[in-house]
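Participant: Structure provided below as structure tokens; questions to follow.
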Amino acid sequence: MSTSKNNPLRIVFMGTPDFAVGTLKNILEADFNVVGVITAPDRPAGRGRKVQESAVKQFAVQHNLRVLQPTNLKDEGFLEELKALNANLQVVVAFRMLPKAVWQMPEFGTFNLHASLLPQYRGAAPINWAIINGETETGVTTFFIDEKIDTGNIVLQQTEKILPTDSVGDLHDRLMVIGADLVVETCKQIEAGTATRQPQNESKALKPAPKIHKDTCRIDWSASMKTIYNHIRGLSPYPGAWTMLINDGKEDQIKIFKTEKLQAEHNHSIGKILVEKKSLKVAVEGGYISLLELQLPGKRRMQVTEVLNGLNLENDAHLR
């Protein structure tokens, strides 16, 4: 189905975090007509519990776009407002699961941008899990939404290499850029009537990307060096891998954001901390994990050299 001069695309955009802002910006710069933006309600955040607007709302307001912030996507009042926008296409980037009454509303359907090469890494945290699992390649996918999560027909995909040193933050920023371009291309193809709908190939074993919980983030120092290294970078900078520091009879939870692998033979117990010159390393199977950036309780994220300036470690200090 194609549009025409008498029926051009009228887009409703749905998204919340920074990852979605670049896409909305690209859609506007491509001269598509965005008739409304749906984003999360304002919420208190931080220590002061100050009410914060989503990144998408801030951008939309700056560009004089109509903003709706429903708490319930099935609410009749919201559905009436959405229908009144008279959109013929809905674009979703980093939003929540939509009820059928919403995604089936527009004439040309509703498509979503997902930060993986579907059907791999369906779920809430595809970028994190791709790195945690040590993948060397991922990408972005646009697909039409259906009744299940991340299972709809694929329109376009683009691959992206995962570098050995990439953190989630690094990969997130690159996928945000290529994803924004892919969404615009998808809109152009839908407008021209050339968009394809390819069913997802589920013949291979699928790797899921479930929501990250606190327990997911705890470091298992008995795991392989590679597993620990990927786990830490796969949670950096958010939400951050954590461990317990046992030092001078006290236990403190610390976060670790950046490390290096050091292969070596040693006789130290797993998790033992060694301070050498201005470096801090942890004994693991087959060598050491050198800590480069970490965060102590109540402190900001710091380079290890800063940490060592104010941290006295006993000989039996270890991580658990």
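Participant: Out of everything in the range 245-261 that is surrounded by fewer than 15 Cβ atoms within 10 Å (Cβ to Cβ) and not acidic (Asp, Glu), what residue ends up being nearest to the chain's Cα centre (by Cα)? Walk me through it before giving the result.
Facilitator: Step one: of the range 245-261, the residues surrounded by fewer than 15 Cβ atoms within 10 Å (Cβ to Cβ) are 248-253, 260.
Imposing the further condition that a residue be not acidic (Asp, Glu) reduces the set to 249-250, 253.
Working: Gly249: 37, Lys250: 34, Gln253: 24 Å.
The selected residue is Gln253.
Participant: Any residue at all in the range 244-257 that is farther than 22 Å from His172 by Cβ, touching a helix residue (DSSP H, G or I) at 6+ places or on another chain (Cβ under 6 Å) and either in contact (Cβ under 8 Å) with a residue 12 or more places away in the chain or not aliphatic (A, V, I, L, M) (or both)?
Facilitator: no
Participant: Give the residue that is least open to solvent (accessible area, probe 1.4 Å), with candidates limited to residues of the range 290-320 that are of a type in the set (S, T, N, Q) and assigned to a strand (DSSP E or B). Even if it seems obvious, please write down each step before you answer.
Facilitator: Applying the first criterion (of a type in the set (S, T, N, Q)) to the range 290-320 yields 290, 295, 303, 305, 309, 312, 315.
Then keep just the ones that are assigned to a strand (DSSP E or B); that gives 290, 295, 303.
Values: Ser290: 12, Gln295: 53, Gln303: 88 Å².
Per the criteria, the residue is Ser290.
Participant: Go through the range 129-170 and report how many residues are out of contact with any helix residue (DSSP H, G or I) (no Cβ under 7 Å at 6 or more places or on another chain), of a type in the set (Ser, Thr, Tyr) and surrounded by 21 or more Cβ atoms within 10 Å (Cβ to Cβ).
Facilitator: Going through the range 129-170 one residue at a time, the tally reaches 1.
Participant: Condition check: at pLDDT 95 or above, open to solvent by 50 Å² or more (accessible area, probe 1.4 Å) and over 14 Å from Phe111 (Cβ atoms). Does Arg218 satisfy that? Steps first, please.
Facilitator: Numbers: at pLDDT 95 or above: yes; open to solvent by 50 Å² or more (accessible area, probe 1.4 Å): yes; over 14 Å from Phe111 (Cβ atoms): yes.
Yes, satisfied.
Participant: Just to check your reading of the model, which residue among Val177, Val102 is open to solvent by 20 Å² or more (accessible area, probe 1.4 Å), part of a helix (DSSP H, G or I) and closer than 22 Å to Ile190 by Cβ? Break it down into steps so the answer makes sense when it comes.
Facilitator: Numbers: Val102 fails: open to solvent by 20 Å² or more (accessible area, probe 1.4 Å).
Sole residue among the options that is open to solvent by 20 Å² or more (accessible area, probe 1.4 Å), part of a helix (DSSP H, G or I) and closer than 22 Å to Ile190 by Cβ: Val177.
Participant: Can you work out which of the residues in the range 262-289 that are assigned to a strand (DSSP E or B) and surrounded by fewer than 18 Cβ atoms within 10 Å (Cβ to Cβ) is nearest to the chain's Cα centre (by Cα)? Working first, answer last.
Facilitator: Initially, the range 262-289 is screened for residues assigned to a strand (DSSP E or B), giving 262-263, 272-276, 279-285, 287-289.
From what is left, the residues that are surrounded by fewer than 18 Cβ atoms within 10 Å (Cβ to Cβ) are 262-263, 274-276, 279, 285, 287.
On the way: Leu262: 28, Gln263: 31, Leu274: 33, Val275: 34, Glu276: 35, Ser279: 31, Glu285: 30, Gly287: 31 Å.
Selected residue: Leu262.
The values are calculated or read from the model by the stated rules, or taken from the named source; none is laboratory data. This is a predicted model, so every value here is computed, not measured. Neighbour counts run over all protein chains shown; Cβ positions are idealised from the backbone, glycine included. Just the protein is used for accessible areas: all its heavy atoms, side chains included, with ligands, DNA and RNA removed. Shrake-Rupley method; radii C 1.70, N 1.55, O 1.52, S 1.80 Å.
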